[in-house]
Each structure stands twice: as structure tokens, then as C-alpha cells.
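These notes are about the structure you will find just below.
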Amino acid sequence: RKEVEQDPGPFNVPEGATVAFNCTYSNSASQSFFWYRQDCRKEPKLLMSVYSSGNEDGRFTAQLNRASQYISLLIRDSKLSDSATYLCVVNKGSQGNLIFGKGTKLSVKP
Amino acid sequence: DAGITQSPRYKITETGRQVTLMCHQTWSHSYMFWYRQDLGHGLRLIYYSAAADITDKGEVPDGYVVSRSKTENFPLTLESATRSQTSVYFCASRGGLAGPRTDTQYFGPGTRLTVL
């Protein structure tokens, strides 16, 4: 099993749609979970951390299922500006080093 | 607030040449990281540093050298560049403690390196 696995997409959705991304991770000892966003040819930027109880930030909702080692990101009311690649990120080891998934590409169309 | 910067932003070099990529952060973060990003591989860790004068290998360290004489700087050197090192290189940093709320890494804008 890969350390962090994501569906590469692309996900092509119309404006206003709801889209969900899923991610699985292999290290049951991982304690920190994140979603990063990466625009074309730019650096990754933190979108949100993912907490055990799940968390919401505006149109974005992240969920964590430790038993299944599964993380999700839900985007409601998609905007054109949401078009990007979304990286699922999990920590590894006590040093806090991060393992990045290869990303899921989202394209929101008018 | 400059945050984390990288230089040069673009570099073209030839096989066998030595190249140094610079990374500078103004947050006094303890940890700094170097990643490369290639199509089909995502971000892969090259080297990281927990503090000045403390460095350690990541997933793909071969062909690279790092140093960290000052907390704010973390240069990456390709001692003898090869075509397979053509990539986008990102530097990142984070604070000193590990944990769910402190593992967040902040990235520089990247350096696009082409080795001919």
C-alpha cells in the first residue's frame, strides 16, 4: 500500500457543484493530517489541517477516519478559483516529516 | 514579511556542473526541508534540517549536499548535475515542535532547474 494515495483525477465539474476528494494513508501511527492546494507551477499552500472531529472552513469540510485510515475533503459551491491540484498530506515519524500524496487535479468550468 | 524565499527562481545548467540553490526564511523556524517535484512522483524529500548544523537525509538524497550554518539559510548543492536532476525544487520550513498543530510546513516559491 502506498504511504499516501489519492485519485489523480482530473475532476471536471461545473461552477456551483459539490466535489469530494478521498485519500488513504498507510501509517497507522500518523498524527497530523492536512490538505494543501497547489496551483499550476506554484508552491503548495496549506488549505486546512484535518482534526479527528472533522472541521469546516467556509465551503471546505475535512473529515478523518482513523480506523479506516481515510481522509476526505468536500468542496461545496465550487468556484472557478478552486481549480487547482489538492494534495493530501500525512505526517511520518516523531520528527514530524510530511508525506505528500501525488495530488488530485480539480478543474471547475463555467 | 518576506517569509521564505528561494533563489534563483530559474536556472539552466549543463551536465557535470555544480549548482547551488538558496533558501532563506525570516520566521526563525527550526526545521527546514528540500523537496523535488516531478511529474508522476509528487513531492519527494531530499534533505531536512532540525536546527543549525543538524541535517539528515530524506527519501532521495543521492547527488545532493546540504549545509546549515545559520538558522535562516539552507542551501542545496548539486555537486555534479545530471539530467535526471531536472526538476522543480521547493524549500519549506516549520516551527520546532512536532505535533498535529505544529507540523504545518510553509513553502518557498520554488526553483525550476533544467540540466542540459
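The values are calculated or read from the model by the stated rules, or taken from the named source; none is laboratory data. Quick caveat: nothing in here was measured; it's all calculated off a predicted structure. As a convention, Cβ positions derive from the backbone with ideal geometry for all residues, glycine included, and neighbour counts pool all protein chains shown. Please note that ligands, DNA and RNA were not included when accessible areas were found on the heavy atoms of the full protein model with its side chains. Shrake-Rupley method; radii C 1.70, N 1.55, O 1.52, S 1.80 Å.
Can you pull out the strands (runs of 3 or more DSSP E) entirely within the range B:1-64 that have at least 3 residues that are without any contact (Cβ under 8 Å) to a residue 24 or more places away in the chain and within 14 Å of chain A (Cβ to nearest Cβ)?
B:42-51, B:54-57
Being open to solvent by less than 70 Å² (accessible area, probe 1.4 Å) and not in a strand (DSSP E or B) is the filter here; which residues of the range A:52-76 pass it?
Step one: list which residues in the range A:52-76 are open to solvent by less than 70 Å² (accessible area, probe 1.4 Å), which gives A:54-55, A:58-62, A:64-65, A:68-69, A:71-75.
If the condition is that a residue be open to solvent by less than 70 Å² (accessible area, probe 1.4 Å) and not in a strand (DSSP E or B), then A:G54, A:G58, A:R59, A:S68, A:Q69 are the ones that fit.
Find the residue count for the range B:80-116, including only residues that are at pLDDT below 95 and not in a strand (DSSP E or B).
11
Out of the range A:6-50, which residues are under 13 Å from the mean Cα position of the chain (by Cα), surrounded by fewer than 16 Cβ atoms within 10 Å (Cβ to Cβ) and within 13 Å of chain B (Cβ to nearest Cβ)?
A:P8, A:K45, A:L46
This table checks each residue for (1) more than 13 Å from the chain's Cα centre (by Cα); (2) over 26 Å from A:K102 (Cβ atoms); (3) open to solvent by less than 20 Å² (accessible area, probe 1.4 Å).
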site: B:I4; (1), (2), (3): no, no, yes
site: B:R9; (1), (2), (3): no, no, no
site: B:T15; (1), (2), (3): yes, yes, no
site: B:L21; (1), (2), (3): no, no, yes
site: B:T26; (1), (2), (3): yes, yes, no
site: B:Y31; (1), (2), (3): no, no, no
site: B:V66; (1), (2), (3): no, no, no
site: B:L78; (1), (2), (3): no, no, yes
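Scanning for something surrounded by fewer than 16 Cβ atoms within 10 Å (Cβ to Cβ), more than 14 Å from every other protein chain (Cβ to nearest Cβ) and among the polar types (S, T, N, Q), does the range B:85-108 turn up at least one residue?
No: zero hits.
Residue by residue through the range B:33-53, note down the ones that are surrounded by fewer than 19 Cβ atoms within 10 Å (Cβ to Cβ) and within 13 Å of B:E72 (Cα to Cα).
Across the range B:33-53, the qualifying residues are B:A50, B:A51, B:A52, B:D53.
Pull up the range A:88-106, narrow it to residues that are more than 8 Å from chain B (Cβ to nearest Cβ) and open to solvent by 20 Å² or more (accessible area, probe 1.4 Å), then point me to the one that is modelled with the lowest pLDDT.
A:G93
Can we say B:L116 is open to solvent by 60 Å² or more (accessible area, probe 1.4 Å) and within 27 Å of A:D39 (Cα to Cα)?
So B:L116 passes the test.
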